[in-house]
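Working notes, structure below.
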Amino acid sequence: MLTAAAWTLALIGATYWAIVSFAGLRTMRSLTRLVDEPADPDRALSSVTIVVAARDEAASMRHEAESIAAFDHPSLDAVLVDDRSTDATGRLLDEIAARDSRVHVIHVEELPDGWLGKVHALEQGRRIATGEWLLFTDADVELAPDLPRRAVAFADRHGLDALALLPSVRSDGVLVAGVVATFSRWLVVGARLWRAADPERTDAFGVGACNFVRRDALERAGGFEWLRLDVADDAALAQLIAAGGGRTMLASGVGLVSVRWQDSVRGMTRGFEKYGGSGGIGSIRAAVALASLALLGEVASWVALPLAALGSSPGSAMLAVATIVLATLSGIAVSDRAGSPRGFWMSGPVAPALVWWMQVRAAWLEHRRGGIVWRDTFYATADLRAAKRYRLPGFKASKPPSVTQQPPAR
């Protein structure tokens with residue numbers, strides 16, 4: 001019986017890692033690296049407005065001011081939205097605007113019913129933005145000085161309406177790196193990111209760290225109204241543009257965009273609460289079931305090893321070891337291409353177990369509370385599900401009101 005169990009788990013692990021490794025390598029090969037794209041100095045650049053929503057991020061806003069000042073795009077301005085901050089964020093934003101005439105500040109005092117705070121703040125920024133392109137990003141994201149110029153030139157050259165850039169993710173510690181790597185693997189497979197890299201397909205995926213969207217395309221889609229209660233608004237934004245007939249593309253921002261996702265496992269665990277139990281699926285049970293299946297695939301080879309030793313099954317042990325080694329090598333290759341730390345492999349099966357626990361914990365909290373609590377605001381599960389927009393491929397998504405609208409030919 002031990003031998004049969006060892007072989008079963010070894011085969012499950014080998015199959016899982018073959019799928020995951022193939023998906024990761026395929027995605028990295030599919031993504032255009034913006035930093036490697038040739039410069040086009042003679043092309044006229046479309047104007048850009050950077051929109052940043054910030055709440056209690058005084059420490060990050062000083063860096064934001066330095067970034068805006070360093071951008072080399074000739075026609076760029078910024079809208080900084082203070083979303084009900086209780087620290088010095090609002091004062092710092094006003095100081096930045098006083099020093100830089102290109103910066104405009106909005107202070108949000110109250111959150112209307114039926115909106116997530118960040119989505120509402122981004123909508124306020126969108127309404128006064130004047131750039132032909134809007135760059136939605138976060139205060140803690142580091143952007144290279146030439147990013148807006150490169151991105152806009154690339155997007156215009158390819159006739160895009162939305163361009164999302166995957167950032168390099170910085171992390172401290174083995175466990176944090178392992179959690180980031182595990183979450184990234186599940187996201188790549190679940191969202192089929194290699195499909196979103198092709199602008200000729202209708203598959204779309206946005207990234208909160210760096211979402212470029214053509215302003216007129218977003219205006220035709222009704223702004224953020226359709227996304228007002230979606231915790232995955234960044235991913236859903238690209239789907240909104242694609243549903244209206246826009247051309248979208250996911251690319252690599254390695255070398256141009258970087259972010260420190262969380263400083264600790266505790267911070268990541270707290271961050272998972274925002275997404276509740278359903279994530280991009282819309283069902284708590286389905287989300288927990290899929291996370292459990294993924295966890296089985298992640299740890300199967302590790303569990304097979306002691307069973308193989310107890311059952312005197314050298315063949316299953318060799319398959320499990322080979323799977324672990326090849327999975328590690330492919331993971332390192334993907335992390336190098338993605339600009340992520342290599343230290344993830346030292347976390348072994350512990351990091352996947354942590355990600356699973358974060359998902360289950362978030363699901364339990366949402367079930368117990370009847371909703372999620374985020375930024376001191378309670379959102380009922382019934383309301384979130386009714387307004388859920390982003391769906392992983394294979395799960396039915398609702399259509400935006402503007403789905404029949406087609407962008408004018410350019």
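Taking the listed residues A151, A121, the one that is in contact (Cβ under 8 Å) with a residue 60 or more places away in the chain, touching an Asp or Glu at 6+ places or on another chain (Cβ under 9 Å) and either in a helix (DSSP H, G or I) or farther than 19 Å from M268 by Cβ (or both) is A121, with no other qualifying.
Only one entry of T15, T32, T3, T27 meets the criterion of being buried (at least 21 other Cβ atoms within 10 Å of the Cβ) and either among the β-branched types (V, I, T) or under 27 Å from R215 (Cβ atoms) (or both), and that entry is T27. Could you list, in sequence order, all residues of the stretch 154-189 that are among the hydroxyl-bearing types (S, T, Y) and either open to solvent by 10 Å² or more (accessible area, probe 1.4 Å) or within 12 Å of the chain's Cα centre (by Cα) (or both)? Of everything in the stretch 154-189, those that are among the hydroxyl-bearing types (S, T, Y) and either open to solvent by 10 Å² or more (accessible area, probe 1.4 Å) or within 12 Å of the chain's Cα centre (by Cα) (or both) turn out to be S168, S171, S184.
Being surrounded by 18 or more Cβ atoms within 10 Å (Cβ to Cβ) and not in a helix (DSSP H, G or I) holds for only one residue in M268, M249, and it is M249.
Per the conditions (1) closer than 30 Å to A144 by Cβ; (2) in a helix (DSSP H, G or I), the sole criterion not satisfied by A304 is (1).
It is to be established whether one or more residues within the stretch 102-118 are within 24 Å of the chain's Cα centre (by Cα), open to solvent by less than 10 Å² (accessible area, probe 1.4 Å) and either aliphatic (A, V, I, L, M) or over 30 Å from G371 (Cα atoms) (or both). No, because not a single residue in the stretch 102-118 is within 24 Å of the chain's Cα centre (by Cα), open to solvent by less than 10 Å² (accessible area, probe 1.4 Å) and either aliphatic (A, V, I, L, M) or over 30 Å from G371 (Cα atoms) (or both). Determine whether the stretch 196-213 contains at least one residue that is of a type in the set (F, W, Y) and either open to solvent by less than 10 Å² (accessible area, probe 1.4 Å) or not in a helix (DSSP H, G or I) (or both). The answer is yes, given that some residue of the stretch 196-213 is of a type in the set (F, W, Y) and either open to solvent by less than 10 Å² (accessible area, probe 1.4 Å) or not in a helix (DSSP H, G or I) (or both). Only residues that are of a type in the set (A, V, I, L, M) and either farther than 16 Å from I106 by Cα or open to solvent by 30 Å² or more (accessible area, probe 1.4 Å) (or both) were counted in the stretch 49-74, giving 4. For the condition farther than 20 Å from K274 by Cβ, among the β-branched types (V, I, T) and either open to solvent by 70 Å² or more (accessible area, probe 1.4 Å) or at pLDDT 95 or above (or both), V79 qualifies. Can you find even one residue in the stretch 83-99 that is open to solvent by 60 Å² or more (accessible area, probe 1.4 Å) and closer than 29 Å to G246 by Cα? No, the stretch 83-99 has no match at all. Residues in the stretch 366-381 that are in contact (Cβ under 8 Å) with a residue 12 or more places away in the chain and aliphatic (A, V, I, L, M) were compared, and the one that is most open to solvent (accessible area, probe 1.4 Å) is V373.
The values are calculated or read from the model by the stated rules, or taken from the named source; none is laboratory data. Since we're looking at a predicted model, the values are computed, not measured. FYI the Cβ positions are ideal-geometry reconstructions off the backbone, even for glycines, and counts take in every protein chain you see. Accessible surface is based on the protein model in full, side chains and every heavy atom, while ligands, DNA and RNA are left aside. Shrake-Rupley method; radii C 1.70, N 1.55, O 1.52, S 1.80 Å.
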